[in-house]
1. So for the range 84-98 (the condition being closer than 30 Å to residue 217 by Cβ and without any contact (Cβ under 8 Å) to a residue 24 or more places away in the chain), does at least one residue qualify?
2. Please enumerate the residues belonging to the range 140-170 that are surrounded by fewer than 20 Cβ atoms within 10 Å (Cβ to Cβ) and on the phi > 0 side of the Ramachandran plot.
3. Within the bounds of the range 3-10, is there any residue that is part of a helix (DSSP H, G or I), in the same structural domain as residue 140 (by TED's automatic domain parsing) and at pLDDT 95 or above?
4. Checking residue 206 against (1) out of contact with any helix residue (DSSP H, G or I) (no Cβ under 7 Å at 6 or more places or on another chain); (2) outside any loop (DSSP other than H, G, I, E, B); (3) at pLDDT 90 or above, which single condition isn't satisfied?
5. Among the residues of the range 20-54, write down those that are crowded, with 22+ Cβ neighbours inside 10 Å, out of contact with any helix residue (DSSP H, G or I) (no Cβ under 6 Å at 6 or more places or on another chain) and at pLDDT below 95.
6. Residue under question is residue 152, and the condition is that it be farther than 30 Å from residue 237 by Cα, in a helix (DSSP H, G or I) and at pLDDT 95 or above; does it hold?
């Protein structure tokens, strides 16, 4: 099996489910067809009045292990075309993860800080030999679709909306459950530390302690892995998330 990345953007309108929800729906369908779901990431792009977007200007990228050919993933394009909301400007990008070149990763980073144009997205994708499709409207969604694939391939920008087992975690969990899902825990403040120390591992005897998810756990994409930063809370006598839910996320 090879790992493929499917980037989506601009599939929604003001009242429809977000792009992240469509990505989860697509993951379920791909799994039904024999794929192995490797997680969905959300990628935040530049928020600027010159850019038309529905709510947060963010895209999503689904990673799957797939035994078939890339051409056999065309069903994803057809489904997103069917599922996208009326009035949206959807774009879909499909690429083999180990074939995403540096230019596409750079495109993703540019989309986080620059106003970009659909034609340049298509030129970049064509030069890289990557499938990029506009599915209606203005075609604006191909910018974020390509950007989502680039950032996921780069491995250091984004947040996991979904991993197999992630949404089944309760409010209280333990380290072994997190590790089983494939989440690396990053400790900000080990017990007894007087200052922040992001990345330091807790002593082994702390692994039995409780982790509170606050019913919203969205690990960061760091080094290609799902990394969940936590800090110690004396009030809760548990590790709690460093990242908290601020507003309606793309999911």
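The values are calculated or read from the model by the stated rules, or taken from the named source; none is laboratory data. Small disclaimer: the values here were computed from a predicted structure and weren't measured. Using ideal geometry, Cβ is built from the backbone for each residue, glycine included, and neighbour counts are taken over all protein chains shown.
1. Our first condition is that a residue be closer than 30 Å to residue 217 by Cβ; within the range 84-98, this holds for 84-85, 88, 90-98.
Now drop any that are not without any contact (Cβ under 8 Å) to a residue 24 or more places away in the chain, which leaves none.
Scanning the range 84-98 turns up no residue that is closer than 30 Å to residue 217 by Cβ and without any contact (Cβ under 8 Å) to a residue 24 or more places away in the chain.
2. If the condition is that a residue be surrounded by fewer than 20 Cβ atoms within 10 Å (Cβ to Cβ) and on the phi > 0 side of the Ramachandran plot, then 155, 165 are the ones that fit.
3. The initial filter retains those residues of the range 3-10 that are part of a helix (DSSP H, G or I), namely none.
No, the range 3-10 has no match at all.
4. Checking residue 206 against (1) out of contact with any helix residue (DSSP H, G or I) (no Cβ under 7 Å at 6 or more places or on another chain); (2) outside any loop (DSSP other than H, G, I, E, B); (3) at pLDDT 90 or above, the one that fails is (3).
5. Hit for the range 20-54 is 20, nothing else.
6. Details: farther than 30 Å from residue 237 by Cα: yes; in a helix (DSSP H, G or I): yes; at pLDDT 95 or above: yes.
When the stated conditions are applied, residue 152 passes them.
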